[in-house]
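Below: the structure, in structure tokens.
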């Protein structure tokens, strides 16, 4: 939660680093990140998804077996342009829709499945599988989506930091979380301070994780 000393843009305290990376500025970034991690929950987000998608990774590259049987659900809604999931559902001829605030992120072949977020109430209450991007946490649309979901639906939230607080999500109806587990924090901070993305640290400094609620 923000406070008077919060460094977020809302309170006008952002740390400006030089565009050109030097060893001194990299150390400064690492020291700043470590200091913030000691005192608060830090959410690192931005263009990571865009950077990862340009490598044309397949579904198993993103989430292992997390979505291996996604096509077996009679009806599905995907919230966000989660490319691997969309590819799997289309290949299986599944009955699904994708809710996305920016339709420009979808390819032409994905557009027949597109619905604007304003029509969520038409489809979300009917689905058996609801796959939600963690960006909905930031734009505050997640609570409404969870309230719409029908009892017994499989609800998956996927986001690097979503798995930090599984019980909070499970208490609100989420059944599965896709996230990451950091295995080498110092090396990971090095990559982040240099502008790296998940493509650079998955498998070396962090591993993908799936946490499922006990039934």
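So is residue 203 on the phi > 0 side of the Ramachandran plot and modelled with pLDDT of 85 or more or not?
Answer is no for this residue.
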In region 83-125, how many are out of contact with any strand residue (DSSP E or B) (no Cβ under 8 Å at 6 or more places or on another chain) and either surrounded by 15 or more Cβ atoms within 10 Å (Cβ to Cβ) or in a loop (DSSP other than H, G, I, E, B) (or both)?
11
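Working only within region 126-147, note down all residues that are part of a helix (DSSP H, G or I) and more than 19 Å from residue 175 (Cβ to Cβ). Walk me through it before giving the result.
Going residue by residue through region 126-147, those that are part of a helix (DSSP H, G or I) are 126, 135-138, 142-147.
The answer is 135, 138.
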Output the residues belonging to region 103-131 that are within 16 Å of residue 83 (Cα to Cα) and touching a helix residue (DSSP H, G or I) at 6+ places or on another chain (Cβ under 6 Å).
110, 114, 131
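Based on what the data block shows, is residue 196 in contact with a helix residue (DSSP H, G or I) (Cβ under 9 Å, 6 or more places away or on another chain) and either at pLDDT 80 or above or part of a helix (DSSP H, G or I) (or both)?
no
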Conditions first: (1) surrounded by fewer than 16 Cβ atoms within 10 Å (Cβ to Cβ); (2) assigned to a loop (DSSP other than H, G, I, E, B); (3) modelled with pLDDT under 85. Residue 152 passes all but one, so which condition is the exception?
(3)
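The values are calculated or read from the model by the stated rules, or taken from the named source; none is laboratory data. Computed from a predicted structure; not experimentally measured. With ideal geometry, Cβ positions are generated from the backbone for all residues, glycine too; neighbour counts draw on all protein chains shown.
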